[in-house]
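Remarks on the structure that follows.
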Amino acid sequence: MREVQIAASVLSCDFGNLQQELAAVGSADLLHLDLMDGHYVPNLTFGQPLIAKIRELSALPLDAHLMVTNPAAYVDPLADLGVGWFSFHQECDYHSHQLVQRIKDRGMKAGIALNPAVPASTLECILPELDHVLLMSVNPGFSGQKFIPSILRKIETLREMIERKHLSTLIEVDGGVNADNAADLISAGANTLVSASYIFANTDHAAAIRGLRGL
Ligand code: DX5
Ligand code: ZN
């Protein structure tokens, strides 16, 4: 089976015990940061001071998922903070191609996020430029929601597009991921699984991460 990367989403961590929580997910491959502005999605999460603290406390690569109406404004601040991956929702910037170049110019991996209702085919022209595609498998805004099963077919479609073009673009799946659906997501074509509630609701976070890897 395809090797999978696990991105632990801090959205569900106990922020009162941030240091211990980040240490407990040290076996993940990435730390996923959900930036929400209260406009693009109703929820409001965290900004640069907290990301700076997270950077200080964890050596894992930081995977920023921008759920904001003005993602371009975050490119320089997040690059300066040492963020490694930057994904924005396609409809939040008129000039996706240009924004992808700006993200890469700042040394970050560039990704586009698609909501559940947006087809993979919308990426046909930009796909060769992308390091990763983030497929939302819940409607963005909150952790703890139920996985939307039709996303499995979308993962397969995107995997076919990537193979047809001989690309190495990674497929990241975000929302409602758990040990019961992880194997299906990987066989459909996913490379990176994001999880907040499944990892952090389990008192043994490392065991939950192993569970997502199928171990
Ligand atoms: C939702 C966020 C997700 C969220 C996943 O808008 O983008 O990253 O943290 O949470 P779970 O794994 O609980 O569905
Ligand atoms: Zn996310």
Using only the C-alpha atoms of segment 129-188, find the volume of their convex hull and express it per residue in Å³.
-> 84 Å³
For the chain, the Cα convex hull volume per residue in Å³ comes to 109 Å³
Along the dipole axis of the chain (charges at Cβ: +1 for Lys and Arg, -1 for Asp and Glu; origin at the Cα centre), the most positive-end residue among 103, 46, 178 is 178
Between segment 193-207 and segment 99-126, what is the C-alpha centre distance in whole Å?
-> 27 Å
If you stretched the chain out fully between residue 27 and residue 163, how much longer would it get, using 0.36 nm times the residue separation minus the C-alpha to C-alpha distance?
-> 46.0 nm
Once fully extended, how much extra length lies between residue 48 and residue 184, figured as 0.36 nm per residue of separation less the alpha-carbon to alpha-carbon distance?
-> 45.5 nm
Which of the lysines could a cross-linker bridge to residue 53, judged by Cα under 27 Å and excluding same-chain residues fewer than eight apart?
-> 104, 109
Around residue 121 (Cβ within 14 Å, Cβ-to-Cβ, excluding residue 121; K/R +1, D/E -1) the net charge comes to +2
Summed residue charge, Cβ within 11 Å of residue 67's Cβ, Lys/Arg positive, Asp/Glu negative | -3
For segment 1-113, state what percent of all Cα-Cα pairs lands in each successive 10 Å bin, counting from 0 Å until the bin that includes the largest distance.
-> 14, 46, 32, 7, 0
Which of the peptides 91-99, 205-213 is most tightly packed, and how do the rest follow, going by the mean number of other Cβ atoms within 10 Å of each residue?
-> 205-213, 91-99
Which distance in nm do the two modelled labels at residue 201 and residue 115 give, with both placed 7 Å along the Cα-to-Cβ direction?
-> 2.4 nm
Determine the calculated [θ] at 222 nm for the chain from helices alone, applying -39500 (n - 2.57) to every DSSP H run no shorter than 4 residues and normalising by the residue count; nearest 500 deg cm²/dmol.
-> -8500 deg cm²/dmol
Using a cut-off of 27 Å between alpha-carbon atoms, which lysines can reach residue 146, once sequence neighbours fewer than 8 places away in the same chain are excluded?
-> 154
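No lab work stands behind these numbers, since they all come straight from the coordinates. Bear in mind that the values here come from a model prediction, so they are computed numbers and not experimental data. When we count neighbours, we look across all protein chains shown, and the Cβ atoms used for this are built from the backbone with ideal geometry, even at glycine.
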